[in-house]
Amino acid sequence: MSPGPASAIDFDEGEGLDWPDSRIRGEAMVTTADDKFDAVIVGSGAGGSMAAYMLTKAGARVLMLEAGRDYNPDEAPMLNLAKDAPLRGAGTPDKPFGYYDATIDGGWTIPDEPYSAAEGSEFIWWRTRMLGGRTNHWARNSFRMGPYDFKPYTRDGLGVDWPISYDDLSPWYDKTEKLIGVYGTNTGLENHPSSGPGVLLDPPKFRAPELFVKAGGDALGIPVVPARRAVLTRDMDKRQQCYWASPCGRGCSIGAAFQTTTSLIPWAKETGKLTIQTGAMVYEVLLDKSGKASGVRYVDKASGAHREAQGRVVVLAASTGETARILLNTKPNGRSEGLANSSGQVGRNLMDTVGSGFSAYFPSLEGRPIYNEDGAGGLHAYIPFWQYKEIAAGKIKTPRGYHMEIGGGFGEPGIGSFGGFDGYGAGLRGEVKKRYGARFGFTQRGEMIPNANCYAEIDGEQKDKFGIPTLKFHWKWSEHEYAQVEHFQNAVKELVDRLGGTLLNEVKPPAEAISTGGEIIHEVGTCRMGASAKESVTNSLNRTWDVDNLYLTDGSVFASKAHKNPTITILALSMRASDHIATRLRTGEL
Amino acid sequence: MPHALIQKVPSPETLEDASLTIDRRTTLRWLAAAMAAAAPLAACGETKSGFVWAVPQPITGKGYGKDPSLMDPIVPWPLTLTKAELAACAALCDLILPADGDAPAATAVGVPAFINEWISAPYPDQQADRALIIPGLAWLDAEAKSRSGGVFAKIGEASQKAIADDIAYKGKVKPGMEKAGDFFARMRSLTMGAYYSTQEGWQVIGYPGNTPGSGPYPGPTPEAIEHIKGVIEKMGLTYAQP
Ligand SMILES: Cc1cc2nc3c(=O)[nH]c(=O)nc-3n(C[C@H](O)[C@H](O)[C@H](O)COP(=O)(O)OP(=O)(O)OC[C@H]3O[C@@H](n4cnc5c(N)ncnc54)[C@H](O)[C@@H]3O)c2cc1C
Ligand code: SF4
């Protein structure tokens with residue numbers, strides 16, 4: 001790993017927040033030509049890496065600060081066997097998604113970096129501490145938001161509109177998809193926009209159970225169409241196409257599954273303009289006398305030293321929770337509201353995807369001919385929301401849509417695959433053969449409407465091991481989300497019934513069936529963008545209203561949480577914002 | 001539950017976050033466990049035969065941590081089953097999955113060693129299994145001694161089956177043996193999971209994956225297409241490619 005950038009200067013631990021500027025910028029600092037970064041970016045996940053790529057490509061000198069350790073996907077145990085891992089790779093509190101999952105130093109908890117949930121709230125927060133962040137193990141599902149999704153308030157009077165429309169972001173979706181590689185098709189379905197000509201890669205063929213479910217869907221008017229995922233189905237530069245084996249959550253060292261550690265970060269490095277400092281836990285933004293951002297302050301985890309890094313523009317992309325935390329922990333002139341928070345919206349409007357799911361068993365799939373169904377290690381088919389017209393006509397109760405992520409088949413048998421059998425010996429062996437490949441899952445991924453009960457704030461009583469005040473989450477679903485779960489339950493029952501199947505989980509009341517806040521790991525919204533400084537934290541270009549050279553390029557800026565998974569939109573917004581930052585840097589405006 | 005379920009843990013065909021929904025209760029339990037002080041396990045009581053389901057010594061060591069080597073995994077915790085327990089465990093594993101034609105027996109692919117690794121792990125799920133399995137193995141031996149005068153591993157298949165038949169079938173567990181029934185069910189799913197997740201097990205079940213290919217994904221074989229088309233049409237539905 002590269003040593004710390006030369007511009008990072010030590011200062012004593014425990015120094016107050018109201019540092020005289022002379023000490024930040026002053027004599028103590030050894031300045032060389034190398035010291036001056038055009039941009040300091042916090043976080044190396046989706047939002048931070050896209051900014052680093054765009055800015056270095058435009059010629060800017062960039063320092064990227066990442067709290068986690070360096071990571072090279074050559075560490076990914078792609079084809080390694082479950083039997084060689086402790087506990088056959090089963091999830092544990094140390095590695096909740098399994099031993100081979102790419103997550104490093106993370107999960108639902110990080111030792112000595114606590115968070116809390118308010119009395120009566122349940123919220124769980126998935127973090128990693130590694131270069132590339134959660135892009136190393138995300139599922140790569142990449143669905144664009146549509147025209148309705150940017151103007152939800154206009155449609156139904158709930159939540160707020162974005163300050164941009166679909167048309168504003170559409171060209172950036174195209175550029176992002178072309179750059180990172182996304183498979184899928186243009187379905188022409190309502191509020192599921194098409195990509196530009198030649199943008200998408202060919203999707204992989206449907207597996208047999210997906211064809212089966214499609215037949216049921218066709219009969220009921222429920223669309224079952226090719227999914228969109230950030231996975232290559234042909235070679236792109238040095239990145240190889242998918243080789244149809246290995247779970248993508250382990251990381252993809254051949255570069256087929258998009259993650260920033262095999263793409264944006266190495267590409268930015270190739271420009272010679274990117275300096276990466278890992279093990280750098282940022283906790284506040286530095287301001288100069290005029291109130292502009294001049295850099296950030298961080299803990300160098302290896303030495304425990306507190307350091308500073310300086311740049312002409314500061315980009316926060318530490319993830320929705322952490323970006324809000326950094327702003328709330330920055331107290332310019334001792335102001336308790338935090339930085340860029342004149343609207344009072346920092347930390348507010350926290351949203352996650354609505355989740356629930358069913359497993360179903362289909363006797364007619366028993367004993368079907370076996371072939372390799374690993375495929376692209378994830379969705380080949382999905383069910384986009386299909387009832388916008390019914391919503392508009394007031395025919396159904398849920399005001400907002402969801403999609404279903406579906407799958408099942410001849411998967412790798414695992415340690416947790418064999419509940420619910422009976423007996424022993426030869427009879428048992430026969431049952432296993434019979435049932436293999438006859439199970440199929442339906443997962444709801446739905447839109448949540450922001451509400452006043454869901455937010456993050458600084459927990460006045462808790463600090464992490466670095467002494468940084470931690471987050472406290474507040475959470476409460478509303479009746480809108482419960483109505484949506486019920487709609488999903490009925491739709492799955494109908495579909496499974498038409499296909500002669502049986503649900504394997506009981507149908508619970510929506511309030512019990514719904515996911516815990518944060519559980520779907522699509523948290524967004526804590527620094528939403530908007531049309532006015534009064535009601536939002538950033539403008540339509542991800543720039544904070546209060547600080548002219550401070551940008552937020554992660555999911556924190558989302559004004560709504562469409563049912564579409566957020567990352568492709570984080571990437572497109574970051575690309576668009578970074579293009580604008582690059583122009584301002586070039587013209588000397590920053 | 002009308003049909004037994006093949007539950008998914010994250011696997012190649014895992015949906016996005018599918019594991020989250022399924023693992024939610026586990027997750028919350030872990031979090032709760034992390035937050036609460038470790039409560040002593042409740043004593044499990046006595047069965048009719050006078051056998052005591054004694055609570056085993058819990059494991060207090062460390063796990064593998066949050067950044068273990070994925071390329072060279074090691075099991076850092078000591079294994080704790082005694083020789084006698086391992087013998088009973090092996091006999092039971094082979095009763096559950098005996099050799100069958102080309103299919104090896106559970107012991108031939110190392111299942112008892114895996115059970116030992118599992119119940120010796122310092123994690124909450126494994127600790128819960130430990131509290132069921134260690135006394136369960138002792139129950140097997142006690143039961144075998146009282147019925148056939150020897151430990152479970154030594155009484156021969158017929159006598160072993162006689163015991164298993166009392167505890168292996170849902171809804172038909174012999175009254176008073178409910179705890180042993182739970183033990184058997186847990187041993188069965190662990191044995192099956194450990195067995196079918198080996199390459200030998202893949203062969204037996206027919207899992208053909210984890211094999212890199214090239215070119216486009218081939219999709220279902222012509223035979224598989226014919227089959228699914230038939231299934232679809234038999235239900236009065238229409239087969240169509242996307
Ligand atoms: C299992 C799983 C499956 C998922 N599947 C999908 C999917 O299919 N589709 C989809 O759209 N989304 C999916 N997601 C969500 C997706 O991973 C996130 O939306 C995305 O990674 C967010 O990008 P980000 O840049 O905001 O944050 P991250 O990717 O989390 O990156 C933030 C980075 O900042 C670093 N950081 C944090 N705090 C600090 C600090 N104080 N100082 C310095 N650095 C800091 C972190 O260590 C991290 O590396 C999934 C997530 C998980 C965990
Ligand atoms: S399935 Fe394909 S994309 Fe996923 S990890 Fe394997 S090779 Fe990479």
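The values are calculated or read from the model by the stated rules, or taken from the named source; none is laboratory data. Just so it is clear, the model here is predicted, and its values are computed rather than measured. Here Cβ is always computed from backbone atoms with ideal geometry, including for glycine, and neighbour counts include all displayed protein chains. The protein model used for the area step is the full one, side chains on, heavy atoms only, and it has no ligands, DNA or RNA in it. Shrake-Rupley method; radii C 1.70, N 1.55, O 1.52, S 1.80 Å.
Of the residues making up region A:348-393, those that are assigned to a loop (DSSP other than H, G, I, E, B), within 14 Å of chain B (Cβ to nearest Cβ) and within 20 Å of A:Gln444 (Cα to Cα) are A:Asp352, A:Thr353, A:Phe362, A:Gly377, A:Gly378, A:Leu379, A:His380, A:Pro384.
With respect to the conditions (1) closer than 30 Å to B:Ala240 by Cα; (2) more than 11 Å from ligand 1 (Cβ to nearest atom), A:Arg228 falls short on a single one, namely (2). Number of residues in region A:397-432 that are small (Gly, Ala, Ser), part of a loop (DSSP other than H, G, I, E, B) and in contact with a helix residue (DSSP H, G or I) (Cβ under 9 Å, 6 or more places away or on another chain) equals 9. Scanning region A:205-223 for residues that are more than 7 Å from every other protein chain (Cβ to nearest Cβ) and part of a helix (DSSP H, G or I) yields A:Pro209, A:Glu210, A:Val213, A:Gly217, A:Leu220. Cβ-Cβ distances below 6 Å connect the following pairs, each with a first residue in region A:555-575 that is under 19 Å from A:Pro171 (Cα atoms), a second residue that is open to solvent by less than 10 Å² (accessible area, probe 1.4 Å) and within 16 Å of ligand 2 (Cβ to nearest atom), and a separation of six or more residues or different chains: A:Asn565/A:Asn141; A:Ile568/A:Ser142.
Looking at region A:63-87, which of the residues that are modelled with pLDDT under 95 and more than 7 Å from chain B (Cβ to nearest Cβ) is most open to solvent (accessible area, probe 1.4 Å)?
A:Asp74
If you check A:Gly216, A:Gly221 for being open to solvent by less than 10 Å² (accessible area, probe 1.4 Å) and either within 27 Å of A:Thr187 (Cα to Cα) or without any contact (Cβ under 8 Å) to a residue 40 or more places away in the chain (or both), only one passes: A:Gly216. Scanning region B:200-242 for residues that are in contact with a Phe, Trp or Tyr (Cβ under 9 Å, 6 or more places away or on another chain), more than 7 Å from chain A (Cβ to nearest Cβ), within 30 Å of B:Pro112 (Cβ to Cβ) and open to solvent by 40 Å² or more (accessible area, probe 1.4 Å) yields a total of 0.
Checking A:Ile276, A:Ile265 one by one, the residue that is over 23 Å from A:Gly375 (Cβ atoms) and either among the acidic types (Asp, Glu) or out of contact with any Asp or Glu (no Cβ under 9 Å at 6 or more places or on another chain) (or both) is A:Ile265 and no other. Restricted to region A:240-260, and to residues there that are open to solvent by 10 Å² or more (accessible area, probe 1.4 Å) and either more than 10 Å from chain B (Cβ to nearest Cβ) or away from ligand 2 (no atom under 12 Å from the Cβ) (or both), the residue that is farthest from B:Thr238 (Cα to Cα) is A:Ser253.
Condition check for B:Lys170 on (1) more than 9 Å from chain A (Cβ to nearest Cβ); (2) open to solvent by 80 Å² or more (accessible area, probe 1.4 Å); (3) of a type outside the set (A, V, I, L, M, F, W, C): one failure, at (1). The set of residues in region A:576-590 being assigned to a helix (DSSP H, G or I) and either without any contact (Cβ under 8 Å) to a residue 60 or more places away in the chain or more than 23 Å from the chain's Cα centre (by Cα) (or both) consists of A:His580, A:Ala582, A:Thr583, A:Arg584, A:Leu585, A:Arg586.
For A:Ala268, the conditions (1) assigned to a helix (DSSP H, G or I); (2) surrounded by 17 or more Cβ atoms within 10 Å (Cβ to Cβ); (3) away from ligand 1 (no atom under 16 Å from the Cβ) all hold with the exception of (3). Pairs are defined by a Cβ separation below 8 Å, a sequence spacing of at least 6 or placement on different chains, a first member in region A:159-187 that is farther than 30 Å from A:Gln345 by Cα and open to solvent by 40 Å² or more (accessible area, probe 1.4 Å), and a second member that is of a type in the set (A, V, I, L, M, F, W, C) and part of a helix (DSSP H, G or I); the pairs so defined are A:Lys175/A:Ala572; A:Lys175/A:Met575. Within the set A:Asn539, A:Asn549, the sole residue that is more than 16 Å from ligand 2 (Cβ to nearest atom), away from every other protein chain (no Cβ under 14 Å), within 24 Å of the chain's Cα centre (by Cα) and within 22 Å of A:Ala318 (Cα to Cα) turns out to be A:Asn539.
Hey, can you tell me all the residues within region A:333-348 that are at positive phi and either open to solvent by 20 Å² or more (accessible area, probe 1.4 Å) or among the hydrophobic types (A, V, I, L, M, F, W, C) (or both)?
A:Asn333, A:Gly334, A:Ala340, A:Gly344
Restricting region A:147-158 to residues that are open to solvent by 50 Å² or more (accessible area, probe 1.4 Å) and farther than 15 Å from A:Gly401 by Cβ leaves a set whose member that is farthest from the chain's Cα centre (by Cα) is A:Thr154. Restricting region A:128-159 to residues that are within 14 Å of chain B (Cβ to nearest Cβ) and of a type in the set (S, T, N, Q) leaves a set whose member that is farthest from ligand 1 (Cβ to nearest atom) is A:Asn136. Flag set for A:Glu366, criterion: open to solvent by 10 Å² or more (accessible area, probe 1.4 Å) and over 31 Å from the mean Cα position of the chain (by Cα). What do you reckon, is A:Gly377 touching a helix residue (DSSP H, G or I) at 6+ places or on another chain (Cβ under 6 Å), open to solvent by less than 20 Å² (accessible area, probe 1.4 Å) and within 16 Å of ligand 2 (Cβ to nearest atom)? Taking the combined requirement at face value, the residue satisfies it. Every condition in (1) of a type outside the set (Ser, Thr, Tyr); (2) free of Cβ contacts under 8 Å to residues at least 60 places away in the same chain; (3) surrounded by 24 or more Cβ atoms within 10 Å (Cβ to Cβ); (4) away from every other protein chain (no Cβ under 12 Å) holds for A:Gly411 except the one numbered (4).
Only a single criterion out of (1) over 30 Å from A:Lys205 (Cβ atoms); (2) open to solvent by 10 Å² or more (accessible area, probe 1.4 Å); (3) over 25 Å from the mean Cα position of the chain (by Cα) is not satisfied by A:Lys301, namely (3).
Restricted to region A:434-498, the set of strands (runs of 3 or more DSSP E) holding at least 2 residues that are touching a His at 6+ places or on another chain (Cβ under 8 Å) comprises A:439-446, A:455-463. Among the candidates A:Thr502, A:Thr569, the residue that is modelled with pLDDT of 95 or more and either within 14 Å of chain B (Cβ to nearest Cβ) or within 16 Å of ligand 2 (Cβ to nearest atom) (or both) is uniquely A:Thr502. Restricting the search to region A:224-239, which residues are facing chain B (nearest Cβ under 10 Å) and either assigned to a loop (DSSP other than H, G, I, E, B) or surrounded by fewer than 17 Cβ atoms within 10 Å (Cβ to Cβ) (or both)? Passing the criteria: A:Val224, A:Ala227, A:Thr233, A:Arg234. Residues of region B:71-101 that are within 12 Å of another protein chain (Cβ to nearest Cβ), under 25 Å from B:Ala158 (Cβ atoms) and surrounded by fewer than 18 Cβ atoms within 10 Å (Cβ to Cβ): B:Ala99, B:Asp100, B:Gly101.
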